Amino acid sequence: MLELRIAGRDFGQPVLGEIFATVERGDRICLLGPSGIGKTTLLNAISGIDQSVPKEAVLGRDKVRVGYLFQEHRLLPWRTLSANLRLVGASSQQADDLLGQVGLTGYGHYLPDQLSLGMARRAALARCLAVEPNLLLLDEPFASLDPVMAGELKKRIVGILDAHPDMAMICVTHDGADAEILANRLWYLAGSPARLQWDDAVGEPRSIKELLGKLRNLDLAGS
Amino acid sequence: MTPGTGPLRRSRPPVWSYWVVLPAIMVLWAVVAGLIQSPLLPAPAEVLDTLVREAGSGELWHHLGATLRRVVLAFALAMTLGALIGIAMGRSALTNALFDPLLVLLLNLPALVTIILMYVWFGLVEVAAVMAVVINKVPNVAVTVREGARSLDFRLEQMATVYRFSRWQRFREVWVPQLFPYLMAATRGGLALIWKIVLVVELLGRSSGVGFQLHMAFQVFDVAAILAYSLAFIAVVQLIELGILQPLERRSSRWRQPEAAHA
């Protein structure tokens, strides 16, 4: 579906090195790595936000509809939830349905800043779904949520992925436990400039922990 | 520190405090005018008489209307052009570098010079009059809007890119709400500045409008007429402020302080 051939990306100093990888339909990738390593930079490169990354570096993006869940909700604060969803192409009826899917039935006429963090993030997730994406990019979707809310959101995301088997997902996280629930494939970004140190399918949940432990130790030893 | 005296807890002043200085000046004016009995300082009642007489004869409305028409036209043109230039300069460093020296020049160009040049080059015509006002105002609007365009939230820009907003959607839904406070600031300053320049334009080269009437009154030292026309137009500008600008501002900033729905 997507083929990454990113030559690198620097902001004054190199952040990303060469990244070669493919993303297939149904891939549920968890992107892990030390904080500040460039995970969001990689998502931005893939999504096309980062216009200094040439088009040829992300083959197939033109055919992909991207739903991007940012760390902040990034809904337009002067528009209601329903209007925010309609802006990306949902009909008024679809907007209500999507808000229902993320547990916000009846909140269509609220402004984003009237909601709690967790609710606003779910509303932003509804907007991701409004574009009928086949690639879902999630940037630390569980950060600063309490464990109960984070767990609930995880279940919703798994539910969405199960309902759309053709949809691919790349989820930035720093918690191996997220990967156990969400991922069928793991990317580990590390080094300077950062490269994918690991790109493989996920086996047993237990092995993720062991693998991450090894990768993190490797990282420490390397630096 | 006792409550209410700290710098952060400044309490609202009592209502009566707004009604002290201006009425006091009115009284002083009336007293002085009564004492010196000179046509160069008519009493407030005389000014009111003049106002009523001019309104009765229709002259006042004719000239107020002419001035208001020029103000509205010049204002609309200056805001549109200034906003477009400001956005372009705020969004592109190259555009900014190209046009910034010109902007500085225009900002420092006295209004009178533009007015004279426009009349000399294009004759004493309506287009020249309105253009002169627009040229005077555009740089101020551009500078204010440029600040706004520079502070546009890049996070929302990225969002608009990912979700493939059309140019129009990006402008209408993402930029305009963020630029609104800057546009309001430009409007506030603009209205006050523009009507003052319009009066000069009328005084120098038009045969209608408040400025023209001031010119006529000046020739015969008719101070009552000068004050009557000035006060009438100040009242019009205040009406625009209260009737249009403030409601517009309240409506558009409602989203800023929404009541929390659920926590």
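What to note about this one:
- Taking first residues from segment A:107-134 that are more than 10 Å from chain B (Cβ to nearest Cβ) and partners that are among the aromatic types (F, W, Y) and crowded, with 20+ Cβ neighbours inside 10 Å, the Cβ contacts under 8 Å between residues at least 6 apart in sequence or on separate chains come to A:A123/A:Y107.
- Taking segment B:228-254 as the range and being assigned to a helix (DSSP H, G or I), within 14 Å of chain A (Cβ to nearest Cβ) and touching a residue at least 40 places away in the same chain (Cβ under 8 Å) as the test, the residues that pass are B:E249, B:S252.
- Counting residues in segment B:178-195 that are more than 30 Å from B:F233 (Cα to Cα) and either free of Cβ contacts under 8 Å to residues at least 60 places away in the same chain or within 11 Å of chain A (Cβ to nearest Cβ) (or both) gives one or more.
- B:T80 satisfies every condition listed in (1) crowded, with 21+ Cβ neighbours inside 10 Å; (2) without any contact (Cβ under 8 Å) to a residue 60 or more places away in the chain; (3) more than 14 Å from chain A (Cβ to nearest Cβ) except (1).
- Helices (runs of 4 or more DSSP H) contained in segment B:36-142 and holding at least 2 residues closer than 29 Å to B:S208 by Cβ and out of contact with any strand residue (DSSP E or B) (no Cβ under 7 Å at 6 or more places or on another chain): B:44-57, B:59-91, B:111-122
- Failed item, numbered, when B:L156 is tested on (1) within 14 Å of chain A (Cβ to nearest Cβ); (2) in contact (Cβ under 8 Å) with a residue 12 or more places away in the chain; (3) surrounded by fewer than 21 Cβ atoms within 10 Å (Cβ to Cβ); (4) not acidic (D, E): (3)
- In summary, helices (runs of 4 or more DSSP H) completely within segment A:30-144 and bearing 3 or more residues that are within 30 Å of B:E249 (Cα to Cα) and of a type in the set (A, V, I, L, M, F, W, C) occur at A:81-87, A:117-130.
- Per this entry, B:I25 is not counted among residues that are touching a helix residue (DSSP H, G or I) at 6+ places or on another chain (Cβ under 8 Å) and part of a helix (DSSP H, G or I).
- Taking the criterion of being under 15 Å from B:D222 (Cβ atoms) and without any contact (Cβ under 8 Å) to a residue 12 or more places away in the chain, the only residue of segment B:34-47 that qualifies is B:S38.
- Breaking point among (1) in contact with an Asp or Glu (Cβ under 8 Å, 6 or more places away or on another chain); (2) without any contact (Cβ under 8 Å) to a residue 60 or more places away in the chain, for A:C171: (2)
- Against the list (1) free of Cβ contacts under 8 Å to residues at least 40 places away in the same chain; (2) away from chain B (no Cβ under 11 Å); (3) under 19 Å from A:M1 (Cβ atoms), the condition A:I49 fails is (2).
- Selection count where residues are of a type in the set (F, W, Y) and modelled with pLDDT under 90, scope segment B:175-195: 1
- Of A:G8, A:G60, all but one fail to be touching a Gly at 6+ places or on another chain (Cβ under 8 Å), surrounded by fewer than 18 Cβ atoms within 10 Å (Cβ to Cβ) and either under 23 Å from A:V158 (Cβ atoms) or at pLDDT below 90 (or both); the exception is A:G8.
- Within segment B:159-175, restricting attention to residues that are facing another protein chain (nearest Cβ under 9 Å) and either touching a residue at least 60 places away in the same chain (Cβ under 8 Å) or not in a helix (DSSP H, G or I) (or both), the residue that is surrounded by the most Cβ atoms within 10 Å (Cβ to Cβ) is B:Y163.
- Test set (1) more than 20 Å from A:V64 (Cβ to Cβ); (2) within 12 Å of chain B (Cβ to nearest Cβ); (3) over 20 Å from the mean Cα position of the chain (by Cα); (4) buried (at least 18 other Cβ atoms within 10 Å of the Cβ) - A:A90 fails condition number: (1)
- Members of segment B:176-193 found to be buried (at least 19 other Cβ atoms within 10 Å of the Cβ) and among the aromatic types (F, W, Y), listed by number: B:Y182
- Residue under evaluation B:W121, criteria (1) closer than 23 Å to B:L103 by Cβ; (2) in contact (Cβ under 8 Å) with a residue 24 or more places away in the chain; (3) away from every other protein chain (no Cβ under 14 Å), criterion not met: (2)
- Picking from residues in segment B:38-71 that are within 17 Å of B:I226 (Cβ to Cβ) and among the β-branched types (V, I, T), the one that is surrounded by the fewest Cβ atoms within 10 Å (Cβ to Cβ) is B:V52.
- One residue stands out among those in segment B:196-214 that are surrounded by fewer than 23 Cβ atoms within 10 Å (Cβ to Cβ) and touching a Lys or Arg at 6+ places or on another chain (Cβ under 9 Å): the one that is modelled with the highest pLDDT, which is B:F212.
- Filtering segment A:29-51 for residues that are surrounded by fewer than 19 Cβ atoms within 10 Å (Cβ to Cβ) and of a type in the set (K, R) leaves an empty set.
The values are calculated or read from the model by the stated rules, or taken from the named source; none is laboratory data. If you're wondering where the values come from, they're calculated on a predicted model, not measured in any experiment. Because the Cβ atoms are built from the backbone with ideal geometry, glycine has one as well, and the counts that use them run over all protein chains shown.
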